[in-house]
Structures are given as C-alpha cells and as structure tokens.
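The structure appears right after this line, and notes come after that.
The values are calculated or read from the model by the stated rules, or taken from the named source; none is laboratory data. Quick caveat, the model's predicted, so the values are computed rather than measured. Neighbour counts are summed over all protein chains in view; Cβ atoms, including those assigned to glycine, are modelled from backbone coordinates with ideal geometry. We work out accessible area using only protein heavy atoms, side chains counted, and drop any ligands, DNA or RNA first. Shrake-Rupley method; radii C 1.70, N 1.55, O 1.52, S 1.80 Å.
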Amino acid sequence: MRKLIVLAVVVLLLGFLADIATKALAESQIETTADKEAPEASSDAAIPVFPFLPPLLVAGKVDEVSLRMTHVPAGPVFFDRLDFDLHGVQISRRALLNERRVELVAIERGTVTAVVPLPAAAQALPISDLTARVSGRTIVVRGAGVSVSIPMPAPDLVPCAATATLQAGRVRLTCTLTEIPRALVEALNQAS
C-alpha cells in the first residue's frame with residue numbers, strides 16, 4: 001500500500017511538472033512570435049489557467065491566452081501598450097504532442113487594446129476639449145485649433161475596426177476579434 005501511495009505522489013508530481021513545462025513552452029513560443037511581428041517591442045504572454053494540460057488534451061482548448069506588448073512601433077510613434085486577450089483558444093493537440101510546438105487553430109472571441117500617448121500639441125489641452133476617432137489606419141485627435149494624426153500599428157497587430165477613447169494623456173483603442181490574426185498564426189507556426 002505504501003508503494004502505491006508513493007507511486008501516486010510521483011505520478012502527480014510528474015504531471016504537475018509536465019503541466020508547468022508545457023504551459024511555459026506555449027507562453028515562450030507566443031512571445032517569440034510577437035517579437036517577430038514587432039522586433040522593437042517587448043512582449044509577455046500568459047496562459048492564466050491551471051491545470052493547462054488536461055483541458056488541452058481532452059478538448060484541445062485553453063480558456064484564455066493573453067499577450068502584452070510594450071513599446072510597439074507605429075511609424076514615427078510608439079504605442080505604450082498593445083494587449084491581446086483571447087478566449088476559447090483552440091490549440092492543435094497533434095502539433096503539441098508530436099512536434100512539441102504550439103499551433104493556434106481558432107478562437108471563440110478576443111479583444112485587442114492599444115494605448116498611445118497623446119501628441120504634445122494635444123496634451124496641452126484639457127481632455128474635455130478633445131475628441132478621438134479612428135479613420136482608416138490613423139487615429140485623429142481634434143480639439144480647439146488642434147488636429148493631430150497618430151498612425152496605428154501594423155494591420156497584423158490591430159486587425160479589426162477599433163474605437164478610440166481618450167484617457168488622461170492617452171488614446172485607448174479597443175476592438176473585438178472573432179478570428180486569430182492570420183499573420184500571428186503564420187508567425188507562431190513558423191516560430192515553433
């Protein structure tokens with residue numbers, strides 16, 4: 001009986017370690033992909049789920065994957081932050097088990113949030129006097145006698161129609177995804 005208990009503890013410990021290692025591998029590969037898409041930015045991926053492996057092995061899904069990028073270039077400006085929050089993420093079990101790589105297949109939904117500082121000309125005005133909107137691939141900020149344009153990050157990084165809101169000294173963009181950006185999938189699959 002004692003040997004059975006020791007064996008069960010060892011199996012649980014190995015399963016726990018495998019879960020942590022596989023999740024760390026997946027997060028690392030997502031970060032590598034983000035670094036390829038925006039080399040000047042820094043990135044941090046998280047899969048805030050435990051346990052990670054059982055739902056992945058049973059259903060091929062992970063409840064949540066998030067990616068945070070900072071200092072993201074967009075033409076002559078840099079976005080402070082670019083966040084991807086993906087839910088209902090389907091990952092290829094075959095690729096994970098056979099090739100030890102993360103291959104994203106689909107998502108149920110996701111959100112992209114981007115934050116960029118207001119240009120100096122707009123920061124001088126009270127936020128109540130400003131408006132912000134997205135026009136094509138540009139954020140237009142207007143106020144009393146001021147009109148400035150801020151380029152958006154590459155379409156691969158913000159692939160959906162965003163809405164702009166003003167915050168203290170910043171513009172915040174938000175958009176909703178129903179598909180993983182194709183460039184992100186391709187880069188991740190090539191990085192693996």
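Some points to look at:
- Under 5 Å between amide hydrogens, built in the peptide plane, is the criterion, and for residue 118 it picks out 170, 171 among residues at least 5 positions away or on other chains.
- Among (1) 1.20; (2) 0.98; (3) 1.27, the entry derived from the coordinates for Cα Rg over 2.2 N^0.38 Å: (3)
- Of all DSSP beta bridges confined to the chain, the antiparallel ones make up roughly 100%.
- Carbon + sulfur, % of accessible area of the chain - ligands and nucleic acids excluded, 1.4 Å: 58
- Normalised per residue, the accessible area of region 18-87 is 45 Å², obtained with a 1.4 Å probe and no contribution from ligands, DNA or RNA.
- Under-5 Å amide H pairs with residue 107, H placed in peptide plane, nonlocal only: 90, 180
- Sum of -39500 (n - 2.57) over DSSP H runs of 4+, divided by residues of the chain (222 nm, nearest 500): -10500 deg cm²/dmol
- Here's how it looks for residue 177: its modeled amide H is under 5 Å from those of 110, 111, 112, which are all 5 or more places away or on a different chain.
- Rounded to the nearest 20 debye, the dipole size of the chain about its Cα centre is 300 debye, using +1 on the Cβ of Lys and Arg and -1 on the Cβ of Asp and Glu.
- The residues packed around residue 130, meaning those with a beta-carbon under 12 Å from its beta-carbon, carry a net charge of +2 if Lys and Arg are +1 and Asp and Glu are -1.
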